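S.K.: Before anything else, here's the structure in question.
Values quoted throughout were computed directly from the atomic coordinates according to the rules given, and no laboratory measurement underlies them. Small disclaimer: the values here were computed from a predicted structure and weren't measured. Heads up, the Cβs are rebuilt from the backbone with ideal geometry, glycines too, and the neighbour counts pull from every protein chain shown.
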Amino acid sequence: MAGCALDDLLAPLEIVLDQAIRERLEWLGQELLRWNRTHNLTAITDPAEVREKHLADALTLLPLLKGATRLLDLGSGAGFPALPLKLACPALEVVSVDAVGKKIAFQRHVARSLRMTGFTAVHGRAEDLPGSPLCGAGFDVVTARALGSLPLLARLAAPCLVAGGRLIAMKGAEGAAELAAAQTELAVLGFVCTEQHSLRLPVTGAERMLMVLERSLFP
Ligand code: SAH
């Protein structure tokens, strides 16, 4: 892809990945744009923007995933952050869910093409996951980007998390105010915010806030 190399985006974010993984990420970006011409999967159509806002943005979660073994990505769209995280952490078991069939078809195409194991793309609603065999014993991390408000994410994530599991919400500049307004509702749902990370994407300077919400109580 033309424009700023993925390496140049990852270095300022202090993310180091093997060349083989970077090549797979680049391929994912190209394939997303190729499918997008006919399937309309994402509003982002510029290769440099795909690298920054889909690939690098998803990878900003990596430092928060230490020790994670099973990750669920809710409302993953064309696979973000699920696919870049799976590529960067091949041993991580990843389930991603989205209500739109063509987005899940793209994710399955990527998983098949790259011969991924431990990656399941589910076509359905997040509300229907709890109690399904896919949920199994639960996930230790649930991620969500651009899916909805913090209380909505908390309601969807809670029944899918193991005891002490974490919801990681990817928000923009509005994240801090949203968190302040949602504190009471989050507490009722048994979540406490244990970490907040503010960062800027390297080229556009777009503000991001990563929020870690730990599920501390169980009904
Ligand atoms: N996380 C992706 C997509 C964000 S758009 C990204 O950041 O690029 C929000 C996505 O959530 C859409 O693809 C929509 O189909 C999906 N979605 C919304 N509500 C949902 C629900 N209840 N269950 C499953 N998917 C849902």
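S.K.: How large is the translational diffusion coefficient of the stretch 93-203 in µm² per second when you combine the Kirkwood radius over alpha carbon pairs with Stokes-Einstein at 20 °C and 1.002 mPa s?
M.R.: Approximately 139 µm²/s, per Stokes-Einstein.
S.K.: Another one. Would you mind computing, in nm to one decimal, how far apart the modelled labels at ALA187 and ILE15 are, each placed 7 Å from Cα along Cα→Cβ?
M.R.: About 3.4 nm, to one decimal.
S.K.: Still on this structure: Taking only the alpha carbons of the chain, what extent do you get along each of the three principal axes, in Å, biggest first?
M.R.: Here the spans come out as 49, 36, 30 Å, largest first.
S.K.: What fraction of the DSSP beta bridges in the chain is antiparallel, stated in percent and rounded to the nearest 5?
M.R.: Roughly 45 percent of the beta bridges in the chain run antiparallel, per DSSP.
S.K.: Net charge around ASP46, counting only other residues with Cβ within less than 11 Å of its Cβ (Lys, Arg = +1; Asp, Glu = -1)?
M.R.: So the surrounding residues net to 0.
S.K.: Which value in nm describes the separation of the simple spin-label points at GLU23 and GLU207, placed 7 Å from the Cα toward the beta carbon?
M.R.: 4.0 nm
S.K.: Taking the chain as a Gaussian network, Cα atoms linked when under 10 Å apart, which of GLY148, GLY205, GLY29 shows the biggest mean-square fluctuation?
M.R.: GLY205
S.K.: Summing Lys, Arg as +1 and Asp, Glu as -1, what charge do residues with Cβ under 12 Å from the Cβ of LEU92 carry, LEU92 excluded?
M.R.: 0
S.K.: Right, here's the next one. I want to verify a result. In a Gaussian network model of the chain, Cα cutoff 10 Å, which of these has the top mean-square fluctuation: ILE104, ILE21, ILE168?
M.R.: In this elastic network of the chain, the residue with the biggest mean-square fluctuation among ILE104, ILE21, ILE168 is ILE21.
S.K.: Continuing with this model, one more query. Can you tell me the length gained on complete extension of the stretch ARG34 to ALA91, counting 0.36 nm per residue apart and subtracting the Cα distance?
M.R.: That pair, ARG34 and ALA91, stretches by 17.8 nm at full extension.
S.K.: What is the helix-to-structure angle for 101-113, meaning the angle in degrees between its Cα long axis and the longest Cα principal axis of the chain, kept from 0 to 90 and rounded to the nearest 10?
M.R.: Between helix and principal axis, roughly 60 degrees.
S.K.: At 0.36 nm per residue, and after removing the present C-alpha to C-alpha distance, how many nm does the segment from LEU134 to ARG115 gain when stretched out fully?
M.R.: Result for the pair: 4.8 nm of gain on full extension.
S.K.: Return, for the Cα atoms of the stretch 122-187, the radius of gyration and Dmax in Å, separated by a comma.
M.R.: Expressed in Å, the Cα Rg and Dmax of the stretch 122-187 come to 12.4, 36.
S.K.: Nothing charged except the Cβ atoms of Lys and Arg (+1) and of Asp and Glu (-1): what's the magnitude of the dipole of the chain about its Cα centre? Round to the nearest 20 debye.
M.R.: It comes to approximately 580 debye.
S.K.: What range in the chain is the longest one free of GluC sites (Glu not before Pro) that are in a loop by DSSP and have at most 11 other Cβ atoms within 10 angstrom?
M.R.: Details: sites that count: GLU14, GLU174.
Longest run free of exposed loop sites: 15-173.
S.K.: Taking the DSSP beta bridges in the stretch 93-219 as the whole, what percent of them are antiparallel, to the nearest 5?
M.R.: On the way: 15 of 26 bridges.
Bridges in the stretch 93-219 are about 60 percent antiparallel.
S.K.: If the label point is 7 Å along Cα→Cβ of THR69, which residues in the stretch 110-147 have backbone nitrogen under 20 Å from it?
M.R.: Answer for this model: 117-120, 131-143.
S.K.: While we're on this one: Count neighbours as other Cβ atoms within 10 Å of each site's Cβ, and list the trypsin sites (Lys or Arg not before Pro) in the stretch 67-144 that are DSSP loop with at most 10 such neighbours.
M.R.: On the way: sites: ARG70, LYS86, LYS102, LYS103, ARG108, ARG112, ARG115, ARG125; in loops: ARG115, ARG125.
Qualifying residues, ordered by number: ARG115.
S.K.: Over the residues of the stretch 39-148, compute the C-alpha Rg and express it relative to 2.2 N^0.38 Å.
M.R.: 1.00
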